[in-house]
Structure formats: structure tokens, C-alpha cells
Amino acid sequence: MTAAVSTRKAWLMAARPQTLPAAAAPVLVGTGLAVRTGVFDPLPAVVALVGALLLQIGTNFANDYYDAVRGADTEDREGFTRVTAGGLIDPGAVKRAMYATFGLSILVGTYLVYVGGVPILVVGLASVAAGITYTGGPLPYGYRGLGDVFVFVFFGLIAVAGTYYVQAVGAVADPFPLGVPAGTVPAAAIVAALPAAGLSTAILVINNIRDRETDAASGKRTLAVVLGYRASRIEWSALVGLAYAIPVVFFFDGYGSAVLAPVLTVPLAVRISATVWRQHAGDALNPALERTGKLLFAHSVLFATGLAAPAVL
């Protein structure tokens, strides 16, 4: 039985503020690279950050609502309390909040569309659609083992490269370009996105390892349900390993030793790994999930700082 909580606390639980650093992390990385290449533009960077936070909150509302109405969230679930399934907030209110938050993200994003044109319009609408159909709609892809791909692409590759793009495009094109101007999405922006993509997906992998049994019982076929515990743990390790390999790539490409700063977070990654490989119960994996979010943020801050630093450092 869910303990009584205030309305304000219930809405904070639904928004899941602990997930917001994960939304901010790729924006920091994209901005760090923009500083290094001389295309940094503060206004698009800030608006991109606000948009990323709103998309994260909207996706959180969507998952809370749709998992409850589809029966994926039950009293046997070992994760953090969901407000819809727990009866803390009326399902209709959560659904309205979801649409309102996504609507606000679109409103905020109109400036980025003005700057970045059709590419940002397409990416923005696709991001909103992906956030809703992750657990909603007639064919929710999060229930078909595709959630990991969604997180890797939208919360990693697109978030970092898109942040870089909206800062770089203003220097080479008029407002609202119809295509992607040359040089506004360099290979470095895609490669720099891989650590955030990997660590963001690693958060989801822990979530799915924890919920594997209840997800399988409810018909929610996450990748962890399909692969099993061992392969899911190998996936997690590979994603985290990717995050530490990429700074080395940039170092050998001439970015200087400062870009290796994320190595300072290795001890935290090792501690989390010990838990992920030995445990599958919520009381152990819930703290590991939160720590992976902190790992993503710390790694991204250090990586962004290293990218922005002069090559001599």
C-alpha cells in the first residue's frame, strides 16, 4: 500500500527530478565541443537545455501513465513509486500533464526551429513522438525491446549533435535553413555523443534488469527480458566501456590531456559494475541506477570541460 503523500510531492515524484541531470548531460557535451570549435552561442545552448529537460519530464509522465494503464506497473514492481499505478494522482491528470509538458517543449523549441530550420523541426517532432510512443500508442516500442535504441539515439546522438548544430548553424546560414548546412554536424559531434549515449542507455539497462521478472509477467518485452541477465550485464558493461574509450580517441586526435578527465569517474563505474553483475533485486539496483545517473552527469561535465579546453592542456 502506498503511503500518503502531498500533492506537490506526488507531482515531483511523477516528474522524477533525479533524471534531469541525464537530460542535461548531452547538452553540456555538445556545448563543450562548440566552445572548442569556436561556434559557441549561449542562447541556443540554453534553449536546447530547457527543451531537453522538458522532453525528459514529458517522457517521465508518459511512462508513468502508460505503464500503469497497460498493467506493466504492479505492486510487485521493485522500482521507485509510480504515481499513476500507486493512486497518488488521477490518471487523466498525469496524461494532461504529459501533453502540456510536451506542448511546452514544442513552444520552447520554436526558437530552435527558427535557428536550425527543417532539420530541428523534424528532430523535435520525432523526439516528442518517440517520448509518447515509448510506452504509449498501439505499438509501444519500449515493450518490444527497442527502448535501448531509442535512448541511445535520442538522449545521446541526437541530443549532443543537435546541441552542437543549433549553435554552429547561425554562423553559416540564414534562419530556418531547409537542410543541414555543411560543417554544422561534424564527425566529432557524432563521436563525442557516444559516451552520453552509452551511459544514458546504461541507466535504462539497470532499470530493465531490475524489472525483468515483472516486465516478463506483464508482457513487456524489454531487451533485458529478451536477452536475459548475463547478456544484459554484458550490454551494460559495453556501454560503460564505450564512454571511457571515446575520450582516448579524442586525445589521440589532438585534443590534449584534459579530454581524459572522465577517467576520474572510473572508481564510481567500477563500484556500480560490482552491483550490476551480482544483484538483480530492487533494493540493490535502485541505488545503482541513481549512481549511474550521477556517473553520466559527472562524466559529461568532465568530458565537456576537456573538449572545451585548449589543446595544450
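Brief remarks on what is shown
- In the stretch 176-202, the qualifying residues are those that are open to solvent by 30 Å² or more (accessible area, probe 1.4 Å) and of a type in the set (Val, Ile, Thr), and the one that is farthest from Phe252 (Cα to Cα) is Val180.
- Residues in the stretch 169-198 that are in a helix (DSSP H, G or I), in contact (Cβ under 8 Å) with a residue 24 or more places away in the chain and under 22 Å from the mean Cα position of the chain (by Cα): Ala188, Ala189, Ile190, Val191, Ala192, Ala193, Leu194, Pro195, Ala196, Ala197, Gly198.
- Number of residues in the stretch 31-49 that are under 14 Å from the mean Cα position of the chain (by Cα) and open to solvent by 30 Å² or more (accessible area, probe 1.4 Å): the value is 1.
- Condition met for Ala231 (at pLDDT 95 or above, part of a helix (DSSP H, G or I), more than 18 Å from Val29 (Cβ to Cβ) and open to solvent by 10 Å² or more (accessible area, probe 1.4 Å)): yes
- Single condition Thr59 does not satisfy, out of (1) touching a Ser or Thr at 6+ places or on another chain (Cβ under 7 Å); (2) among the hydroxyl-bearing types (Ser, Thr, Tyr); (3) closer than 20 Å to Ile106 by Cα: (1)
- Number of residues in the stretch 253-295 that are aliphatic (A, V, I, L, M) and either closer than 18 Å to Ala308 by Cβ or not in a helix (DSSP H, G or I) (or both) equals 7.
- Only one of the numbered conditions (1) outside any helix (DSSP H, G or I); (2) under 17 Å from Tyr134 (Cβ atoms) is not met by Thr59, and that is (1).
- Of all residues in the stretch 264-313, those being among the small types (Gly, Ala, Ser), open to solvent by 30 Å² or more (accessible area, probe 1.4 Å) and modelled with pLDDT of 95 or more number 4.
- Residue in the stretch 228-251 that is closer than 19 Å to Ser200 by Cβ and touching a Lys or Arg at 6+ places or on another chain (Cβ under 6 Å) present: no
- Restricting attention to the stretch 218-275, the residues being closer than 19 Å to Gly198 by Cα, polar (S, T, N, Q) and in contact (Cβ under 8 Å) with a residue 24 or more places away in the chain number 5.
- A single entry from Val128, Val115, Val94 fulfils the requirement of being assigned to a helix (DSSP H, G or I), touching an Asp or Glu at 6+ places or on another chain (Cβ under 8 Å) and crowded, with 21+ Cβ neighbours inside 10 Å: Val94.
- Residue that is farthest from Ala100 (Cα to Cα) [pool: residues in the stretch 132-150 that are touching a residue at least 40 places away in the same chain (Cβ under 8 Å), open to solvent by less than 20 Å² (accessible area, probe 1.4 Å) and assigned to a helix (DSSP H, G or I)]: Asp148
- Some residue of the stretch 79-91 being without any contact (Cβ under 8 Å) to a residue 60 or more places away in the chain, outside any helix (DSSP H, G or I) and hydrophobic (A, V, I, L, M, F, W, C): yes
The values are calculated or read from the model by the stated rules, or taken from the named source; none is laboratory data. Here the structure is a predicted model, which is why all the values come from computation and not from measurement. Positions of Cβ are backbone-derived with ideal geometry, glycine not excepted, and every protein chain shown enters the neighbour counts. For accessibility, only protein heavy atoms count, side chains too; no ligands or nucleic acids. Shrake-Rupley method; radii C 1.70, N 1.55, O 1.52, S 1.80 Å.
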